[in-house]
Amino acid sequence: MSKAIQIRGLRYRYPDGTQALNGIDFHLDAGESVALFGANGSGKTTFVMHLNGLLRGEGSIEVCSMPLSDETLEQIRSKVGVVFQDSDEQLFMPTVLEDVAFGPLNLGLSPDDALTRARTVLKRVGMAHALERAPYHLSAGEKKRVAIAGVLAMDPEILVLDEPTTFLDPPTRRDLLTLLRSLPQAKVVVTHDANLARALTTRAVFFDQGRIAGEGDVIELIQRFHWEYS
Ligand SMILES: Nc1ncnc2c1ncn2[C@@H]1O[C@H](COP(=O)(O)OP(=O)(O)O)[C@@H](O)[C@H]1O
Ligand SMILES: [Mg+2]
């Protein structure tokens, strides 16, 4: 099967000397969805930031068969949409519509086409009623939807979600899960939520101190690492 992501020997050390990734081998098949588990500080977010080149460590990263390099960075960023844990890091324009149109404008679409695309994806995530709202004033669940719309507007092949349900109450979490299930993209989902992982993914990878300590079928891995709230 063709690989959407292929990573070999990824290592990353922060400028202060913290060795956050210690040799990660990872793959994502085309159309597949994978959960990333692991304790706080085990390297999941650092790993995710490599998937679209926000951080550049040692080792090799290929996305849709393209090696990540300065030359391919822009193309890879349009294929891999990363939704961060904290939506406030992702939303920065005065209105929801402008925020979501920002990416397509940067891709070189005309203002009309960018706005049309932004309206389409905002409708897709159930936020068509809030086009002129200030992102800053939205609820946590609404912010998450707008952040997802922002990456969908780039028409990515792979969606990466870093703890998407962290700040959400149970009904908002269920609604988000329904939305995520309806999106056809391959997904990499960082989560502590076993229910979310079972509903969205088939395979899981367990991070421990910057290494992958285990991987396999998502249900089997949850049992093996006792990765469920009790
Ligand atoms: N900006 C940073 N500077 C230095 N160390 C960092 C930074 N961000 C994260 N770390 C460290 O890198 C390790 C991995 O962190 P992180 O990738 O955020 O883990 P996780 O997402 O699994 O909680 C931790 O030891 C964390 O303290
Ligand atoms: Mg994290």
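Of all the numbered requirements in (1) within 16 Å of ligand 1 (Cβ to nearest atom); (2) farther than 30 Å from Gly210 by Cα; (3) of a type in the set (A, V, I, L, M, F, W, C), Val83 misses one, and that requirement is (2). Considering the conditions (1) surrounded by 15 or more Cβ atoms within 10 Å (Cβ to Cβ); (2) farther than 18 Å from Ile7 by Cβ, Phe206 is excluded by exactly one of them, (2). Screening Asp88 with (1) within 16 Å of ligand 2 (Cβ to nearest atom); (2) surrounded by 17 or more Cβ atoms within 10 Å (Cβ to Cβ); (3) more than 16 Å from Leu159 (Cα to Cα) gives one miss only, at (2).
Return the only residue of Thr120, Thr166, Thr201, Thr172 being of a type outside the set (Asp, Glu) and within 16 Å of ligand 2 (Cβ to nearest atom).
Values: Thr120 fails: within 16 Å of ligand 2 (Cβ to nearest atom); Thr201 fails: within 16 Å of ligand 2 (Cβ to nearest atom); Thr172 fails: within 16 Å of ligand 2 (Cβ to nearest atom).
One residue alone meets the criteria, Thr166.
Val125 - would you say it is under 29 Å from His50 (Cβ atoms), in contact with a helix residue (DSSP H, G or I) (Cβ under 9 Å, 6 or more places away or on another chain), within 16 Å of ligand 2 (Cβ to nearest atom) and not hydroxyl-bearing (Ser, Thr, Tyr)? No.
Six or more apart or on different chains, Cβ atoms under 7 Å: show the pairs whose first residue is in the stretch 78-91 and part of a helix (DSSP H, G or I) and whose second is of a type in the set (Gly, Ala, Ser) and buried (at least 16 other Cβ atoms within 10 Å of the Cβ). Partner pairs satisfying both residue conditions: Ser87/Ala147. Scanning the stretch 36-54 for residues that are outside any strand (DSSP E or B), among the small types (Gly, Ala, Ser), away from ligand 2 (no atom under 16 Å from the Cβ) and touching a helix residue (DSSP H, G or I) at 6+ places or on another chain (Cβ under 6 Å) turns up at least one hit. The selection criterion, being touching a Lys or Arg at 6+ places or on another chain (Cβ under 9 Å), away from ligand 2 (no atom under 16 Å from the Cβ) and without any contact (Cβ under 8 Å) to a residue 60 or more places away in the chain, does not hold for Ala194.
Listed by first and then second residue, the pairs with beta-carbon distance under 7 Å, at least 6 apart or on different chains, first residue in the stretch 35-57 and more than 13 Å from Ile212 (Cα to Cα), second more than 9 Å from ligand 2 (Cβ to nearest atom) and basic (Lys, Arg), are Asn52/Arg77; Gly53/Arg77; Gly57/Arg11. Within the stretch 33-59, count every residue that is buried (at least 23 other Cβ atoms within 10 Å of the Cβ) and acidic (Asp, Glu). Number of matching residues: 0. Every listed requirement among (1) in contact with a strand residue (DSSP E or B) (Cβ under 6 Å, 6 or more places away or on another chain); (2) in contact (Cβ under 8 Å) with a residue 24 or more places away in the chain is met by Thr72 save one, (2). In the stretch 99-198, counting only helices (runs of 4 or more DSSP H) that sit wholly within it, the ones holding 3 or more residues that are surrounded by fewer than 22 Cβ atoms within 10 Å (Cβ to Cβ) and among the hydroxyl-bearing types (Ser, Thr, Tyr) span 170-182.
Computed from the coordinates by the stated procedures, all read-outs in this text should not be read as laboratory data. None of these values were measured; they are calculated from a predicted model. Virtual Cβ from ideal backbone geometry, glycine too; neighbours counted across all protein chains shown.
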